[in-house]
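A quick write-up on the structure given underneath.
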Ligand code: PHB
């Protein structure tokens, strides 16, 4: 079931609306509510679109890098995050306020989040999570019903009669909150409680108006408590809410406000100052530029009817927005995307009709609803999740096993693996560790450390000969690391195990730091080292570049765990 606010609005689309764009968005929404993966058959059934239409939507979305297909399934791909990133960058909230929220989380040693109003819901735009194992953690892009959680009561203070009516209609249509996959559903037997909670919401809104803060006493799940304060713009309108989240095992709902409100309010006032400061963010990274026009033509030529230009154009329109580009007139959108004015105009009208943009008639702005397009799911991926499809394509190309590892002390630890035949005496599974120095992944990981740290590690290493070939001389090892650093790869022959050859390249995050390594392992007897390098290195580099591109989009606002 889809959230009522997430379904197409009941008003008929304006005559300028671009049909293929609307259809692609309904496919993306279905994928998002299905946890990022649906079979093509299910998509046909649940969108009501013809099979051939769904196929064309999927091939166009695949070309854009927003979706990939795995057998019969369509799967959301990290590149899609660029749409949500455009909204988040344009809103400036995570960039301006995120560091202050992070500092508060550090000081209180509790989770802190920023959320914005989205229809009759509340959507998270920043998370500084200190969540202990015992409660669920929300992701950027997750949506709460306004009446569950602390921030909603602050935003509902500004609702008019129509807003309240819409809220009541939604409650009646979805009494268990099935349309909000981020929150545990209310059980059927809780419905009386749910009704009481609804009445209680009205009271909580009134209380929040007088006190200036709002409390969540286990409205989402037992134990989870939160207090929220609105962050207002220069005109006094709440633009977001800052929440501190705790657990009844540490702080009761009664004790929470007293314990955190003073620091919470100080942070809010610093945030309000930050909002008033002139814009000085980096120029938008997302503005695509007219290069898209060339890409569009090439895609059409290659895919023919399976590439629907109006759909692709409509979607990339959103990427015109970004940091310092929060509100754009039609002409700026056309210029940034390389689209003809008439084309950009129809795309903007369509996106506005569907609630992804608002306009005052002149300027268009992206809305938090853009985040419903799979952001929460994709922002929750780990580095291994992101890497796996790239490792699978690599294995398809080279027919040898591929893996990803990270540094764990002086070891490497496997975090993702796509095996073919087993050529090692030990069976490598996720979590397997080897010493870093005699492995190709270890060499690129050590080589990626800052010089001082690299030497410090080398100095304390006590390398052991694991085969006849293992390099144990610290000086030679140092030279090999230097070589791996400048060449951007390491080839290690039979140093970990006789007969085993491995070639690895680094994976960098947005800041250029080496966060992981990917490798291909093969039989040493099958070829010379030069032949192996020639056969494997380009494919390995393509895989690493693909992982890095995804990681850079995904890591713009979300923290991507490396394991
Ligand atoms: C959260 O950030 O996870 C959060 C915020 C407000 C709530 C509950 C949870 O009421």
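What follows is calculated from the coordinates using simple rules that are stated; it is not laboratory data. Every value quoted in this text rests on a predicted model; they were computed, and no experiment measured them. All Cβ positions, even for glycine, are placed from backbone atoms using ideal geometry, and neighbour counts span all protein chains on display.
For the pair residue 363 and residue 276, what calculated FRET efficiency results from E = 1/(1 + (r/R0)^6), where r is the Cβ-Cβ distance and R0 = 30 Å, to the nearest 0.05?
Taking R0 as 30 Å, the efficiency between residue 276 and residue 363 is 0.90.
Take the Cα atoms of segment 346-429, find their three principal axes, and give me the spread along each one in whole Å, biggest first.
Rounded to whole Å, the extents work out to 68, 32, 15 Å.
For 489, 66, which order do you get if you count the other beta carbons within 10 Å of each Cβ and list the fewest first?
489, 66
By how many nm would the segment from residue 69 to residue 206 grow when fully extended, if each residue of separation counts as 0.36 nm and the alpha-carbon distance is taken off?
Computed gain between residue 69 and residue 206 is 44.4 nm.
Could you tell me the relative contact order of the chain? Use alpha-carbon pairs under 8 Å, at least six residues apart, and round to a whole percent.
15 percent
How far, in nm, would the chain grow between residue 452 and residue 294 when pulled straight, counting 0.36 nm per residue and subtracting the alpha carbon separation?
Full extension of this stretch gives 52.3 nm more.
Hey, rough spin-label estimate for residue 331 and residue 237, points 7 angstrom out along Cα→Cβ, what's it come to in nanometres?
Using points 7 Å along Cα→Cβ, the separation is 2.5 nm.
In µm²/s, what is D for segment 409-559 at 20 °C and 1.002 mPa s, where D = kT/(6 pi eta Rh) by Stokes-Einstein and Rh is the Kirkwood radius from Cα pairs?
Answer, rounded: 135 µm²/s.
Looking at segment 1-150, I'd like the Rg to Rh ratio, where Rg is from alpha-carbon atoms and Rh is Kirkwood's inverse mean 1/r.
Across segment 1-150, the Cα-based Rg/Rh ratio is 1.02.
Report the FRET efficiency, 1/(1 + (r/R0)^6), for residue 421 and residue 462, where r is their Cβ-Cβ distance and R0 is 35 Å, rounded to 0.05.
0.55
Run the quick spin-label model on residue 410 and residue 165: label points 7 Å from Cα toward the beta carbon, then report their separation in nm to one decimal.
In this crude spin-label approximation the distance works out to 7.3 nm.
Could you line up 520, 125 from fewest to most neighbouring Cβ atoms inside 10 Å?
Least crowded to most crowded, the residues run 125, 520.
So how much slack lies between residue 483 and residue 531, counting 0.36 nm per residue of separation and subtracting their Cα-Cα distance, in nm?
Taking 0.36 nm per residue and subtracting the Cα distance, the gain is 15.4 nm.
What is the diffusion coefficient of the chain in µm²/s, taking the Kirkwood radius over Cα pairs and the Stokes-Einstein relation at 20 °C with a viscosity of 1.002 mPa s?
83 µm²/s
Counting other C-beta atoms within 10 Å, which of 485, 523 has the fewest, and how do the rest follow?
Lowest count first: 523, 485.
Expressed as a fraction of 2.2 N^0.38 Å, the rule-of-thumb size for a compact globular protein of N residues, what is the C-alpha radius of gyration of segment 303-442?
1.59
For segment 397-445, just run the numbers: alpha carbon Rg, then divide by 2.2 N^0.38 Å, N being how many residues it has.
Rounded to two decimals, the normalised Rg is 1.11.
Could you state the number of Å between the C-alpha centres of segment 390-445 and segment 103-127?
About 37 Å separates the Cα centre of segment 103-127 from the one of segment 390-445.
Using R₀ = 45 Å, calculate the FRET efficiency as 1/(1 + (r/R₀)^6) where r is the Cβ-Cβ separation of residue 382 and residue 340; round to 0.05.
Working from the Cβ atoms, E equals 0.65.
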